[in-house]
Every structure is written in C-alpha cells, then in structure tokens.
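What follows draws every value from the coordinates through simple rules; no lab data is involved. What you see is a predicted model, and the numbers here were worked out from it, not measured in a lab. Methodologically, a virtual Cβ is constructed for each residue, glycine included, from the backbone with ideal geometry; neighbour enumeration extends over all protein chains shown.
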Amino acid sequence: MSTPLLSVRDLQKSFPAADGPVPVLQGVTFDLAAGQTLALTGESGSGKSTLLHIVGGLDTADGGAVRLGETEVTALDDRGRAALRRSRVSVVFQQFNLIPSLDVGANLAFQARLAGRHDPAWCDTLARRLGLAGHLSKYPEQLSGGQQQRVAIGRTLAVRPELVLADEPTGNLDEETGSRVVDLMLELVAETGAALLCVTHSTALASRMERRLVLSRGRVA
Amino acid sequence: MIGATLRALLSHWWRRPFQLVTLMVGLATATALWSGVQAINAEARASYDRAATTLAAGARPRLVADGPIPQRTYIALRRAGHDVSPVLEGSAAGLRIIGIDPFTLPPDDLPQDTGAGSIGPDFIGEPGQLLVAPGTEVPDSLPPATEAEGIPPGAAYADIGTAQRVLNRPGELSALIIAGPSSMTAPPIADIAPTLRRTGGTTTTDVSRLTGSFHLNLTAFGFLSFAVGLFIVRGAIGLAFEQRRGVFRTLRALGLPRGTLLALLSAELLILSLVAGAIGIALGYLVATLLIPDVAATLRGLYGAEVAGELTLRPAWWLSGFAIATLGTAIAAAASLWQTARMPLLAPANPRAWSRASAQALWLQAGAAALCLAVAAVAWGIGGLAAGFVLLGGLLLSAALALPLILRIVLRAASRTAQGPRAQWFWADAEQQLPGLSLALMALLLALAANIGVGTMVSSFRLTFTGWLDQRLAAELNLRAETEVQADEILAFLGPRVDAILPIRSTELPLAGAPAQLVGVADHPTYSETWPLIARQPDTWERVNAGDAALINAQLARRNDLWPGAMLEIAGRDMLIAGVYSDYGNPRGEAMVGLERFDTLFPDIPALSFSLRLDPAGIEDLTRDLRDRFDLPESNIMDQASVKRASLAIFERTFTVTGALNVLTLGVAGLAILTSLLTIATMRLPQLAPVWALGFTRRRLAMLDLGRAVMLAALTFVLSLPVGIALAWVLLSVINVEAFGWKLPLRLFPLDWLRLLVLSLLAAALAALVPALRLARTPPSELLKVFAHER
C-alpha cells in the first residue's frame, strides 16, 4: 500500500471505573488508504465506537498515535480537532443527529457552510441522488428513518471530506432500507474519493467493504 | 461558520415560537415591573432635585423668626450693610407661592433655566406674574402665569410684592436669604433684629430622608416582581438549552469550537435580552404612567413632597432597563451556559428534564435555603431598614429554595400511603413532574407569600388606623383663622354655640437633631380621655398641663429610644417625657406640651388654630355660618368626618401602588405555571404513553394532569401561609418601625387567605387547562410513536 491516508499506531484508551481504569483500546494498529473502505466489527464493548471517536477527533487517546495525512490527530488541541471535524473527517451517526429546527435543505448544506466550502450545485446533486429533492423544505421529524439517514449521509459528503466515519449507519433502519442507504453511501463515497471507516455489527454491511478489521477486547483480532 | 451556526441556533426559536414568546414575556414582564418602579423613583428624585436647586429649598443660610418677619426688619438690615434677600412663602389656590426679590436674590437662586428673560417688568409690576412649572394649572383668581423650566411642581414664583398681595400678608416676610457677606462696617444682625436666628436650611435633604423609605419599599417590590419574572426566564432558557443539547453536540461533532459555540449562544441571549428589554421598557413606561398619579398623591399626602404627575423619558432610565434585562438574562442563563461549556462532546444527546434535580441537588438547594435563613437571622440582629429588607429577602428566598424538597417529601409520603395503583401513579407522577415545575411553583410561592404578607400588613394597618383616627380626631370641628384679629372675632362669635374651644399652637423646630413639630394643647378631657397613648407615666396629663412634662409621638420615641421618664430638650429647655402616643401617617417627630408652656417657649406664635367641641348635629350649620360671616377659605374649617375621610383616602392611595404590584406579581407567577406546564407537556408523552397503553383513557390522563396542577398549587399555598405571615410580621414590626417609626399589631384575616387560595387554584387550573385539553386530544398515533422511537 502507498502512503496511507489514515494511520493508527498502538492506540490506547481506558475509562475510569469504581475499581480502577477499564482498558478499552489496547494497542490498536492499522492503516487505511485514500478511497479505501474498511469495516470495523467486533462484539459489543470491543472498543469499535471508541476507536471511531478518537479517529474522528471526537475523543482523545491515552497513548499511541493517529495520523490523517500529514496531521497528527492525537496531538491536536480542542480547537484543532474541531477544525479537523469541520472539514476533513465527517461522521455519519447511528442516531442521524440532524438539527431538528432546520429543514432538510439547510441540514444538507450545514456542515459545508460550517467549513466555508458550500457548493450549491454539489448539494443539489446530492439531494437528487439521495432522493431528497422533493423533501428539501421538510423538517427532520417529517421524514422516515431511512430518509433522515440519507440526509445525514448527504450532509457528510457535502463537505467532500477525506475520511468518512460511519457509526452503525443502518442500526436504526430496517434491512431493506438499510441496504439501499448503504448502496447510496458507497456509491457517493467512491465518487468523492474519500476513504470510509464503518463501524457495524451487520455482517451484510461488513461484506460490502473492501477490508474488514475485527476488534476483540480492545485489540485487533 | 458563524452565520451557519447562528442560523442553526436561532432556528430553534423559529420552530418553537411559543417558547420564544414565553422567554420574551418573562423577561419583558420582569423588566417592565422593575423599570416601571425605577421610572417612578427617578421621576420623584428628579422632582426633589428640581426643588433642591431653587431657593425654596433653602440651599443658602437664611434668617428666620418664630413668626413672620416684618418688612421693616429687612429694610433695616439692608441699610446697615447686610446682603439679605426677602422671601415670603405661603399657599394660595392649591399652589405654593414663593415670593422673591429678583434684584437682591443671587442669580444662582433664581429658578433654573428661567434666566433673566422671564423676570422682566411684568414680573415686578402690577398685577404681577407667576412663574410655574410646565403643565401647572393656575386659577383665574391668581395673577397671570408663565411656564418656565426648573420650577418645582406645585410651586409658583412671584415678586415679593405680588406674593404679599396674593397671600394677603402685606409687610410680612417668611425668611431672609443671606445672599452674600455683610459690609465690614455693618453692626451684628443680633443688634438690629434680636429675634432672628440663622438656619442652614436642609429641607430637601429632609424630603429625601422622609421619602427614602417609601421609595425603598417600591424598589423592594419592583425587585420582587423582577425576581418572579426571572423564574420564567430561567425556565424558558433552561428548557431551550436542554432541548438543544443534541444540536450543541452535533455542532461540536461537526467541528464547531466550544468557545465559538458559547460566544454565539451568548450573542443569541444578548439579542433576545435587548429585544425583550425594549418591550419591557415600553411596558414599564406604561406601568409607571398608570401608577405615578397614585404615587404622587401618596407622596404629597404623606410627606408633603411634590412630584410631577407626568413621566419624563430619561436616557439613564431606559439604559438601566436594558442593563437589568441583560443582567437578568445573564443570571438566568449562567447555569445553562456553564453546563454547556462543561458538556462532554460525547454526552448523551437525549433531552432530559433540564431541571431534573437529583436528591443530592435538592439537599444542596435546601442547604442554600438554610444559608439564606441564617443571613436573614443575622440581618434581624443587626437592625436598620436595609437589614430589614435583607431579612425579608432572606426569608422569601429560603422558603422558595426549600419548597421543592418539602414538596418532594410530602408527595413521596402521599405516594407511599396511597391505596390502589391509580393513586400510586398519580402521586409518583406528580413527584416526577416536580423538577420541571419547581421554578414556577417557587415563583408562585413568592407571589403568594408577598400577597399574604402585604395583604395582612395593609389590613392590620387599616384596622388599627381606623380605630386610632376615632381616638385622635375627637374634636368635632377644627378651624384656622387668617389673622389674630379675625381669631378674636371668631372666638367671640363661637362662645355660646359650642361646648368647648380648644386652642392649638404649633411650630416647626428641631427635636433630637431632626426636624419636628411642637404642638401646644389645652387642658381638656378631649385629650386626657381619648389621646392614643401607647406608653405613659402616672399623672401624665396633670404633668403635661402643669407644664412640667411633654408627650412625644412614637416616631420620635423609637428613633431616639426616648420613653417615659427620659428627658428631651425642647427649644433649649429639658423636659420630662411623660408619655408616648401613636401618630400614624406622620413621618416626622412631634412633641406636645401644655398650652401655657408652649406660650412661654414661643410667645410670638399667633393663636390662630382651634378645635371645637359641640353637638355633632350643629356642625353643618356652624360651618356654614362661619364661612358666610368670616369668609374663611374651604381648607380653614375641617369637620371630623372630612378629616377622617381624607386620612383614609390618603391611606388607601398609599397602598394602591403596592396592591397593584402585588396583583401583577401574582399574574406573573400564574404565567410561570402556564408556561412551565405547556413546555413540560411536550416532554410528557414518553411518560404518559405507557400508562395510556395500560388502559387509562386520554381524557382520564388529562383530568389527572389538571388535578395534579391544582394539587401542587394548593400545597404551595399551604406552605406560603406561614411564610406570608412571617413576612407580614417583618413588615409590621421591623420595616415599618425602621422606615416610618410606627409599630402595628399583627392581625390575621383568614377570609382574605381563603379568597387568595381560590384565586391561586383557579389560576393553576386555568394554566393547566390548555395542556390538559391538548393531551385529551392527542391522537393515538402520536402516543404510539413513543414506542416506535424506543428501538
């Protein structure tokens, strides 16, 4: 593999508990190339979401290093991590996390506006491709779960990130809807050239990724 | 980034207009009540200041006598080289006439902004000219008037000659202003006019001192209303922050720095507070406009202080309105901003009841209540008016802070003893609702306690005051002659037509270092049998009538700790205090001596005033005959019934303002309940849907919600009763004593409480009606969504 886009080395993380710290990640190491897709699987509590959060700059590590291109993510301060999330890494949440008071159009463009690289034409394309063109003036509460997740994917891709992180993106959707949403996500991710790291329990979804990484008790199995 | 984020934040209010209205109403109402009171106070202070800048206030030293100063004395002093200027003051046609000599009066003492232009030939010549404040009505019987700035309301400036004519006091002067240094060769003033004495003149300070307590009372009520309003603001802001927790988390997850988020939230709050502040200031102006006539009447009736009946918009006032709105928002939002600043990025985004206090937090709140109570106790120990208000505030705040814990204990106990699952759920659910409603219930407690406290104080006062008036106003008729000659003629006329003529003399003088009044009264059973003494020595009246002792009013006694047996210096002579009498409505100190003693002390005071005892049936005829025969002005003859009527009218007007603020505060509390119920109603579905699924009808659930609101209001009322009574006691026994110098017995009025209970239950039921109706009409599909979202 050429120079990886994402490089994770010996990542450590533990959470405090009443009877001492509980290790969640114990020396996780892996790489991800630009444009590549990777499924991160493992049993509940294996550290998948924690790994995703640290890679996305949502949480900090106790030890080890995460690099995105030339940027040492684990060395960034709060402001630096915020800038990273704004423009280079984008997360698709299981709970969608749309802004309920903004309509679909505004939600779709929101992160791109935040990053200062709003491209109306690209947003229109995304809306059309995601089947949202007829729903732009609706509010999230007026959409089905599948539609909301498509808005979340659109918002993520509107900013044209280098890395898309997806945390159980179909966890709140039925099988058929989930499958359609994944098709769209993979298609659009491929078009933007972004890498995708997807946390999932679903073997069906994992099988759609180019690579698969299994975590067990905080280690790569 | 900023534009997109602001849009996201503000869109919350756009999508929840009711919440925005709640916040605006709360903040605007709080600002309105506060700034309304401040506008009234500012107007009064400005009136006092206007008065202070004029010579009438006696800013310069002046020469006075115990009676009128003959004009020839003035001429003699001027000829001898003393730079004095004459002043004559008196009342005519409801105006305070101030006669001046524009040629000898220092220019600084002329009314401000009047300038020399207004004092021209018309002012000095015949028929003369009056200078009055804009808007002053001048009857045709007086010389023509010209409006000029800087004249105190209710006053009219005239040339000294004009004033002597208008007041019918030819050749008389009230005082001589010392306008400048005397000539080096001038003989001492005492050689020319031995009866004159020099005074510093501190009338304005006296007015400020006397009215200060009244304004402090108003400010305290304004602050209470503001605090109650802030409960709504706190509720609305807290809820808005809680509902947006998910948005905040998403914004942060999408790359918005924490500092930027907090700065934008602060900017959002600033914008909201400025808009609500502007509305509040406009409403405050309206409140002040409605209340100021009553305030002006009260200040005039109670203290003789003139306050303009119209409001002026002052920049300082509206700026302070914006400041208080912003400060109030900052106080109300501080905790929410702090929580947002500390919120971990990966915190659960599900909205939880923002005020869902843990047991630990409730106990912490109870600890704060105990601390407030301790502060109140310390303030009680310190004494003084300011400490009295700290005691009041501490009591109210501690009761409000302790309320949620007390209600929780009561509801938990009820839940444990409840029979059947429905009752158990009802009480348990009420406890679950408590955190969301506690701010509104605390506001209700404050409003109810203030209503009970002030209501009890006013009713106790009214009862005592009415009884006191009957004692104090024993004489059927009081009259005042215009001159001594007229007085002699009246006495000759009255002789056979009345049972007794009781001469009264009075003069202003300092007592125990403060301005006061000395009254000389006749030796008659009218006084010895009815005068309302609250402390006395044996043979009180015998000693007073013999000229050995004096009586003083309760104000003078309490302020200086002078009680029967103590000595008081009166006009340079130490006199024994033989008794203390109650003297409600009089803010000044007063002493009474026998008539003969008075005449010894002040031989020059003319005998012009008399109380008359006669058969009440003859009052009307005698009054008419006196007016017809002696051409006495209306105000010179007062019958007992008129005086009582006037006194009670002043009394009622005095409490009109506090009564109005009381009602407004209760209204604000009712609004707080309504808004709280409406806002928590939106979060109630997940709690109600399972109960509905288990077999409750929506109608039954709605009825239970209505009943719960009424029950909580009733419990709050029960808890507010002891707080209100304690408040009344503080007002009657601490604040009144410190502010006015009189102490009143506490009387209880259960019927008034019952009325208030019904009113508060009605308010709670009305507030709960809309959310209950909404619940009753909630489609089952909405309730089912709760289960769908649980996956």
Once the dipole of the protein assembly as shown is set up from charges on Cβ (+1 Lys and Arg, -1 Asp and Glu), the residue from the list B:Ala739, A:Pro21, B:Ala402 lying farthest towards its positive end is A:Pro21
Total charge of the residues flanking B:His12 in space, meaning their Cβ is under 10 Å from its Cβ, with Lys and Arg +1 and Asp and Glu -1, is +2
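Neighbour counts of other C-beta atoms within 10 Å: give me B:Val228, A:Val189, A:Val22 arranged from fewest to most.
On the way: B:Val228 29, A:Val189 23, A:Val22 13.
Starting with the residue having the fewest Cβ neighbours, the order is A:Val22, A:Val189, B:Val228.
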Please give every one of the aspartates and glutamates within straight-line cross-link reach of A:Lys13, meaning a C-alpha to C-alpha distance under 15 Å, and leave out same-chain neighbours fewer than 8 residues apart.
-> A:Asp59, A:Asp62
At a Cα cut-off below 20 Å, give the aspartates and glutamates reachable from B:Lys743, other chains included and same-chain residues fewer than 8 away excluded.
-> B:Asp470, B:Asp561, B:Asp583, B:Glu590, B:Glu652
If amide H atoms are modeled at 1.01 Å from N in the peptide plane, then the residues at a separation of 5 or more from B:Met592, or on another chain, having amide H under 5 Å from its own are B:Val519, B:Leu551, B:Ile552
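Assuming R0 = 25 Å, what is the FRET efficiency of B:Ala341 and B:Ala374, from their Cβ-Cβ distance, to the nearest 0.05? Let's see the in-between values first.
Numbers: r = 31 Å, r/R0 = 1.24.
That gives a FRET efficiency of 0.20.
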Estimated distance in nm for a label pair at B:Leu491 and B:Thr185, the labels positioned 7 Å out from Cα along Cα-to-Cβ = 4.7 nm
So what are the ³J(HN,Hα) numbers for the range A:27-33, from phi and the Karplus equation (6.51, -1.76, 1.60; θ = phi - 60°), rounded to whole Hz, Gly and Pro as x?
-> x, 6, 9, 6, 10, 9, 7
Placing each pseudo-label 7 Å from Cα in the direction of the beta carbon, B:Leu10 and B:Val718 end up separated by a distance in nanometres of 4.9 nm
Compute the separation of the alpha-carbon centres of the range B:134-177 and the range B:315-335 and state it in Å as a whole number.
-> 44 Å
Which whole-Hz couplings ³J(HN,Hα) result when phi for each residue of the range B:255-262 is put into the Karplus expression 6.51 cos²θ - 1.76 cosθ + 1.60, θ = phi - 60°, listed in order with x for Gly and Pro?
-> x, 7, x, 4, x, 5, 4, 5
Helix axis angle, B:619-630 relative to chain B longest principal axis, alpha carbon, degrees = 50 degrees
Could you state the angle between the C-alpha long axis of helix B:17-52 and the longest principal axis of the C-alpha atoms of chain B, as a value from 0 to 90 degrees rounded to the nearest 10?
-> 10 degrees
For B:Asp140 and B:Lys644 in the same chain, what is the full-extension length gain: residue separation times 0.36 nm, less their Cα-Cα distance, in nm?
-> 178.4 nm
Residues whose placed amide H lies under 5 Å from that of B:Ala474, excluding near-sequence neighbours | none
Mind checking which aspartates and glutamates have their Cα closer than 12 Å to the Cα of A:Lys48? Skip sequence neighbours fewer than 8 apart in that chain.
-> A:Asp167, A:Glu168
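Please compute the average number of Cβ atoms from other chains found within 10 Å of each residue's Cβ in peptide A:107-114. Working shown, then result.
Numbers: counts 2, 0, 1, 7, 7, 1, 6, 10.
Across the residues of A:107-114, the mean count of other-chain Cβ atoms within 10 Å is 4.
Which FRET efficiency value, to the nearest 0.05, do you get for B:Ala330 and B:Gln360 by plugging their Cβ-Cβ distance into 1/(1 + (r/R0)^6) with R0 = 22 Å?
0.25
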Report, by chain and number, residues whose modeled amide H sits under 5 Å from the one on B:Leu130, excluding near sequence neighbours (fewer than 5 apart, same chain).
-> B:Ala145, B:Thr146
Between A:Gly42, A:Gly146, A:Gly116, which gets the highest mean-square fluctuation from a Gaussian network model of chain A, Cα cutoff 10 Å?
-> A:Gly116
Neighbour-count order for B:Arg629, B:Arg747, fewest beta carbons within 10 angstrom listed first | B:Arg629, B:Arg747
Give me the distance between the Cα centres of the range B:237-303 and the range A:115-129, rounded to whole Å.
-> 37 Å
Computed FRET efficiency, Cβ-Cβ of B:Met683 and B:Glu508, R0 60 Å: what is it to the nearest 0.05?
-> 0.35
For the protein assembly as shown, what is the calculated [θ] at 222 nm in deg cm²/dmol (nearest 500), taking -39500 (n - 2.57) for each run of four or more DSSP H residues and dividing by its residue count?
-> -18500 deg cm²/dmol
Integer Hz, Karplus 6.51/-1.76/1.60 couplings in order for the range A:140-157, x for Gly and Pro = x, 5, 8, 9, 6, x, x, 5, 4, 5, 5, 4, 4, 5, x, 4, 5, 7
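Shielding of A:98-105 by partners, i.e. mean partner chain Cβ atoms within 10 Å per residue?
Details: counts 3, 12, 9, 13, 8, 2, 0, 0.
Taking all residues of A:98-105 together, the mean is 6.
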Inter-label distance, nm, simple model (7 Å from Cα along the C-beta direction), B:Ile409/A:Ser144 | 5.5 nm
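How big, in percent, is the set of alpha carbon pairs in the protein assembly as shown lying more than 49 Å apart?
46 percent
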So how tilted is helix B:484-494 from the main axis of chain B? Cα-based, degrees 0 to 90, rounded to 10.
-> 80 degrees
Counting DSSP beta bridges in the range B:477-614, what percent are antiparallel, to the nearest 5?
-> 70 percent
If unit charges are put on Cβ atoms (+1 for Lys and Arg, -1 for Asp and Glu) and the dipole of chain A is taken about its Cα centre, the option from A:Gly42, A:Thr177, A:Leu102 lying farthest towards the positive end turns out to be A:Leu102
Give me the number: length gained by fully extending A:His118 to A:Phe15, i.e. 0.36 nm times residue separation minus the C-alpha to C-alpha distance, one decimal in nm.
-> 33.3 nm
Sort out for me the Cα centre separation of the range A:133-177 from the range B:500-532, rounded to whole Å.
-> 90 Å
